[in-house]
Structure formats: structure tokens, C-alpha cells
Amino acid sequence: MSTGHLATRSRDEIASAIRALTPVDWGRLRLVSRKYAAGRPIEPDDLLQEAMMRAVDSRSCPAHVDVVRFLAEAMRSIAHGEGEKAEHKLMLVPVPKTGEPPAEALAMHDPAPHAEAHMISEEDAASIRMAILALFDDDPSAHDIVEGTMAEMTAEELRELTGLSLTAYNSKRRLIRRRIDTAFPQGWKS
């Protein structure tokens, strides 16, 4: 550890901590990478890989901060930066030096949804997620399964994350379906 105002982990300590991650830690990191990559121009695996690379190469991880939490925060930061880059990306259209410019050069259409539509869509999705997750505030395993399912984790990853056997996992999935069906018998209506 380096000395100074706040002790930080060295590159070797960060690399060792990453190598020592448990299957549950990896499950949590995959869940976080899927969450932060959603709707952004970066794949979840690429986001996780970039966070690990930056953590070892250039980030300062305070010694008191858990490495999983540190990587999760790095992914959030990277995903935000990737989203910002995509929002400000211009479409380039070649324009000949002679003659009329092509129609697409004169009437450029931004393929991204405008900010208001994007915000409304994000708010709707967030309210649906919050309402469904609230159904499982009393059951951490079910809550983790629902959140992982929303992040498109596989059944195997979810069982690994929750530590449930196949039978217990299937039982928990039935409970989840029953609660959602009871709470929203007509499906989601906003």
C-alpha cells in the first residue's frame, strides 16, 4: 500500500484481489455490468473487462474499499462516459466538391431518440423495475433472482449468486411468478 493521506491498494494488490474473487463476486459483477451496459453502446463483458483493466492500470483503489464495489463504481463511470460519447457522436456524410450535395447531407436525421422520449422511456422502465422489485423486499434471494433476471443473467449464474440448489431455485422462481401474477393480474398497466 502506498502511504499518504489515504492508503490505496497497489496494482499488484488490486490484481491479486481480482484473482481472488469468488463465484458470487463474479455473479454480482456480471449483474452490475449488465445493468450499467443496458441502453449504452458497450457490451456487459467489455464493460467488466475495461473496468478490471483500468483498475489495474490507472485507478486508485482506497485500501478500505471492497474491490467488488470499486469495480462496480468503475463500470458505472465507464458506462456513463460511453453513453456521453454516443450522445455527442455526429453522423458524417461525404459531400462531393461539385454538384448538389446528397439529400442526406441536407436533412440529417439523428437516429437516437430525442432526450425527452429517452427520459420518459427510462422513467417508465425504472418505475416498472421498482414496482416489481418492491414485491420481494422481504425475500433477499427472490429479490436477487428478479434483479438478475432483469439483467439477463442465466439460471446458472443466478443459482451461483444466490447459493440456491436447483430445487430451491425452481421453488423460488414459482414463488416469484405467483407474486407477480397476483400483483399484476392484467399485466403491467401504467
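Give me a count of the residues in region 139-153 that are over 17 Å from Glu43 (Cβ atoms), small (Gly, Ala, Ser) and within 12 Å of the chain's Cα centre (by Cα).
The number of residues fulfilling the criteria is 1.
Collect the residues in region 167-190 that are in contact with a helix residue (DSSP H, G or I) (Cβ under 7 Å, 6 or more places away or on another chain) and either within 22 Å of Val68 (Cα to Cα) or aliphatic (A, V, I, L, M) (or both), keeping them in residue-number order.
Leu175, Ile176, Ile180
Condition check: more than 22 Å from Glu13 (Cβ to Cβ), of a type in the set (Gly, Ala, Ser) and open to solvent by less than 30 Å² (accessible area, probe 1.4 Å). Does Gly27 satisfy that?
It is true that Gly27 is more than 22 Å from Glu13 (Cβ to Cβ), of a type in the set (Gly, Ala, Ser) and open to solvent by less than 30 Å² (accessible area, probe 1.4 Å).
Applying the selection to region 30-43, what residues are surrounded by fewer than 22 Cβ atoms within 10 Å (Cβ to Cβ) and of a type in the set (Gly, Ala, Ser)?
Listed by number, the residues that qualify are Ala38, Gly39.
Enumerate the helices (runs of 4 or more DSSP H) found wholly within region 44-119, keeping only those where 3 or more residues are modelled with pLDDT under 80.
67-87, 103-106
Take the conditions assigned to a helix (DSSP H, G or I), over 24 Å from Glu43 (Cα atoms), at pLDDT 80 or above and touching a Lys or Arg at 6+ places or on another chain (Cβ under 8 Å) and apply them to Ser171. Does it pass?
Criteria not met by Ser171.
Can you tell me how many residues within region 174-185 are open to solvent by less than 70 Å² (accessible area, probe 1.4 Å) and not in a helix (DSSP H, G or I)?
1
Conditions first: (1) open to solvent by 50 Å² or more (accessible area, probe 1.4 Å); (2) within 19 Å of Val32 (Cα to Cα); (3) out of contact with any Pro (no Cβ under 9 Å at 6 or more places or on another chain). Thr167 passes all but one, so which condition is the exception?
In the conditions (1) open to solvent by 50 Å² or more (accessible area, probe 1.4 Å); (2) within 19 Å of Val32 (Cα to Cα); (3) out of contact with any Pro (no Cβ under 9 Å at 6 or more places or on another chain), Thr167 misses (2) alone.
Could you tell me whether any residue of region 140-159 is modelled with pLDDT of 90 or more and of a type in the set (Lys, Arg)?
no
Considering only residues that are open to solvent by 40 Å² or more (accessible area, probe 1.4 Å), in a helix (DSSP H, G or I) and of a type outside the set (D, E, K, R), which ones fall in region 139-154?
Pro140, His143, Thr149, Met150
List pairs: first in region 17-31 and among the aliphatic types (A, V, I, L, M), second open to solvent by 40 Å² or more (accessible area, probe 1.4 Å) and outside any helix (DSSP H, G or I), Cβ under 8 Å, 6+ apart or cross-chain?
From residues that are among the aliphatic types (A, V, I, L, M), the pairs are Ala17/Arg9; Val24/Gly163.
If we keep just the residues of region 56-69 that are open to solvent by less than 30 Å² (accessible area, probe 1.4 Å) and within 11 Å of Leu29 (Cβ to Cβ), which is farthest from the chain's Cα centre (by Cα)?
Val67
The values are calculated or read from the model by the stated rules, or taken from the named source; none is laboratory data. If you're wondering where the values come from, they're calculated on a predicted model, not measured in any experiment. Please note: Cβ atoms are built from the backbone with ideal geometry, for glycine as well, and neighbour counts cover all protein chains shown. Surface accessibility is based on the protein's heavy atoms, side chains included, excluding ligands, DNA and RNA. Shrake-Rupley method; radii C 1.70, N 1.55, O 1.52, S 1.80 Å.
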